[in-house]
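The values are calculated or read from the model by the stated rules, or taken from the named source; none is laboratory data. Given the structure is predicted, the values throughout are model-derived calculations rather than measurements. Counting neighbours? That spans all protein chains shown, and the Cβs are built from the backbone with ideal geometry, glycine included.
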Amino acid sequence: MEELIEKISKTGIVPVVKLDKAEYAIPLSNALKKGGLCCAEVTFRTSAAEEAIRLIHKTHPDFLLAAGTVLNTSQADKAMAAGAAFIVSPGFNPQVVKHCINKGYPVIPGVCTPS
């Protein structure tokens with residue numbers, strides 16, 4: 001986890017993206033890389049997220065790639081299999097956090113869940 005935090009710190013910014021179509025993933029990652037950013041958080045707010053992560057990971061394996069808005073363990077597993085380097089959730093979901101930790105996978109849960 002320390003290595004991940006160091007990479008994020010060196011990058012300075014992690015763009016959060018919502019892709020409606022997986023086909024947008026490669027042009028987006030190419031543009032980010034051209035602009036000097038080799039990272040992105042692809043949110044699971046659309047059905048294209050898993051494939052978008054897979055495409056970016058395949059095209060740019062050096063990208064620091066996160067899966068965001070992960071709400072359950074199924075999404076976490078899909079993100080891991082697709083090539084996400086870490087999981088981000090909008091709130092603290094104990095099941096998701098435990099699942100990721102048990103798999104030895106970095107997870108950054110949200111810190112404020114009003115409900």
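Remarks
- Counted residues, the range 12-22 - those being more than 15 Å from the chain's Cα centre (by Cα) and under 18 Å from Ala84 (Cβ atoms): 0
To keep it simple, each residue is scored yes or no on (1) polar (S, T, N, Q); (2) touching an Asp or Glu at 6+ places or on another chain (Cβ under 8 Å); (3) at pLDDT 95 or above; (4) surrounded by 15 or more Cβ atoms within 10 Å (Cβ to Cβ).
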position: Met1; (1), (2), (3), (4): no, no, no, no
position: Glu6; (1), (2), (3), (4): no, no, no, no
position: Val17; (1), (2), (3), (4): no, yes, yes, yes
position: Ile26; (1), (2), (3), (4): no, no, yes, yes
position: Cys38; (1), (2), (3), (4): no, yes, no, yes
position: Phe63; (1), (2), (3), (4): no, no, no, yes
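- Filtered residues of the range 76-112 (kept if among the hydroxyl-bearing types (Ser, Thr, Tyr) and more than 18 Å from Val16 (Cβ to Cβ)): Tyr105
- Single residue of Asp20, Asp62 found to be in a loop (DSSP other than H, G, I, E, B) and closer than 18 Å to Leu4 by Cα: Asp62
- Within the range 40-57, the set of residues being touching a Gly at 6+ places or on another chain (Cβ under 7 Å) and not hydrophobic (A, V, I, L, M, F, W, C) comprises Glu41, Thr43, Arg54, His57.
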